[in-house]
Ligand SMILES: C[S@@+](CC[C@H](N)C(=O)[O-])C[C@H]1O[C@@H](n2cnc3c(N)ncnc32)[C@H](O)[C@@H]1O
């Protein structure tokens, strides 16, 4: 079948990014559009010399005008999605011990060559996000493909509440697309049991990207007093409990998330006596903790992104600096700090500098013990820096000798 797609030609200067593996072309990188493609239409992309670069999603309302699909074969069908999803699944089979982990990211958008598509698996249920206009129109094909690759699925839920959809001109909504989704799904991560509620949980139900970093907490938590800041459903706190922490304080501003954290402690049979759940703003909590002379041996910081745009970078830097300043004040001498940033616009070196500067001000020498990132079921394309967002550092924070 010959399909009559609109043709988008890229400016000469920008094609080199595509040649290096970039899968996006921005609005200012388009030289010409032949035809009248509508939001979400498939188009053919050409370089300035007329060479065919394959099919792409097109969206005239988005700054990301073109998302390359890395195929020349039209039309885009359920088989196209099934091939890519199968490939992603084969990779997860190598990365993940499914006996100990029944929740994971199956598809991470461009990183799995499915631009804009996120699929998270929670036992036999899939939570999907469609972050590109073109995907919305192919929702039926995506569902069919998922069921081809994972025939045991019992439900597919669209968690289409991300603000990134607004940049595409897409509405925000959530709904069960296929089958049914129970209110509570008990899943394993690192052999710990977590109660997941896809509809009411933040993100697609759980912060799966910290899976490998959480294991590092197990190495250091034994017999220590642990403070898990921005605990959400207790992801780090539970790993601390599994390792035999002496006491655990879990702080989050979301009461529903903390209620699930509490439930997760029960699910794993951990004693609740040594765990304190505090619903509070972490900044306020740390200030008050300092006033009352409290200290912890291991502090975990995993805040939400402090910036989603370049314009907010200075404010985000101030936010990270203040957070670390407050945390160092309640960290025991020679304590351990595990700190994360999921702000894409704050890169690893800048984040490290912020922590280092605050450590110096607090009179601490930092020993960097581990430098982590998003877990490998969220692969990173070096050609697309946009796919790398999570930074994780683990430090021993030595007290400077008195002068
Ligand atoms: C990135 S998530 C943390 C994920 C969690 N550490 C885990 O392992 O799953 C950020 C959390 O911070 C919470 N939060 C956001 N702003 C906060 C604040 N100012 N004080 C306390 N919690 C906050 C959110 O409710 C959310 O649970």
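Name the single residue that is farthest from the ligand (Cβ to nearest atom) among those in segment 223-262 being under 19 Å from residue 294 (Cα atoms) and part of a loop (DSSP other than H, G, I, E, B).
Only one residue tops the list, namely 223.
(1) surrounded by fewer than 20 Cβ atoms within 10 Å (Cβ to Cβ); (2) away from the ligand (no atom under 14 Å from the Cβ): which one isn't true of residue 296, the others all being true?
The one condition residue 296 does not meet is (1).
Suppose we filter 170, 135 for residues that are part of a helix (DSSP H, G or I) and crowded, with 16+ Cβ neighbours inside 10 Å; which single one remains?
135
Under the condition of being out of contact with any helix residue (DSSP H, G or I) (no Cβ under 6 Å at 6 or more places or on another chain) and not in a helix (DSSP H, G or I), which residue from segment 347-363 is nearest to residue 287 (Cα to Cα)?
Restricting to residues being out of contact with any helix residue (DSSP H, G or I) (no Cβ under 6 Å at 6 or more places or on another chain) and not in a helix (DSSP H, G or I), the top hit is 363.
Can you tell me which residue within segment 37-81, out of those that are in contact with a helix residue (DSSP H, G or I) (Cβ under 7 Å, 6 or more places away or on another chain) and part of a helix (DSSP H, G or I), is surrounded by the most Cβ atoms within 10 Å (Cβ to Cβ)?
In this case the residue turns out to be 81.
Checking the condition under 19 Å from residue 192 (Cβ atoms), part of a helix (DSSP H, G or I) and more than 12 Å from the ligand (Cβ to nearest atom), which residue from 328, 270, 265 passes?
265
Can you run down the residue pairs with Cβ atoms below 8 Å, 6 or more apart or on separate chains, where the first is in segment 229-253 and free of Cβ contacts under 8 Å to residues at least 24 places away in the same chain and the partner is away from the ligand (no atom under 13 Å from the Cβ)?
Correct list of pairs: 244/221; 244/222; 244/223.
For residue 276, are the conditions met, namely being assigned by TED's automatic domain parsing to the domain that holds residue 328, more than 24 Å from the chain's Cα centre (by Cα) and either buried (at least 24 other Cβ atoms within 10 Å of the Cβ) or within 30 Å of residue 154 (Cα to Cα) (or both)?
For residue 276, the condition - assigned by TED's automatic domain parsing to the domain that holds residue 328, more than 24 Å from the chain's Cα centre (by Cα) and either buried (at least 24 other Cβ atoms within 10 Å of the Cβ) or within 30 Å of residue 154 (Cα to Cα) (or both) - is not met.
In segment 300-310, is there at least one residue being touching a residue at least 12 places away in the same chain (Cβ under 8 Å), under 16 Å from residue 342 (Cα atoms) and away from the ligand (no atom under 14 Å from the Cβ)?
Yes, the conditions are met somewhere in segment 300-310.
Give the residues of segment 273-291 that are touching a strand residue (DSSP E or B) at 6+ places or on another chain (Cβ under 8 Å), in a helix (DSSP H, G or I) and within 8 Å of the ligand (Cβ to nearest atom), sorted by residue number.
Scanning segment 273-291 gives 282, 285.
The values are calculated or read from the model by the stated rules, or taken from the named source; none is laboratory data. What you see is a predicted model, and the numbers here were worked out from it, not measured in a lab. Please note: Cβ atoms are built from the backbone with ideal geometry, for glycine as well, and neighbour counts cover all protein chains shown.
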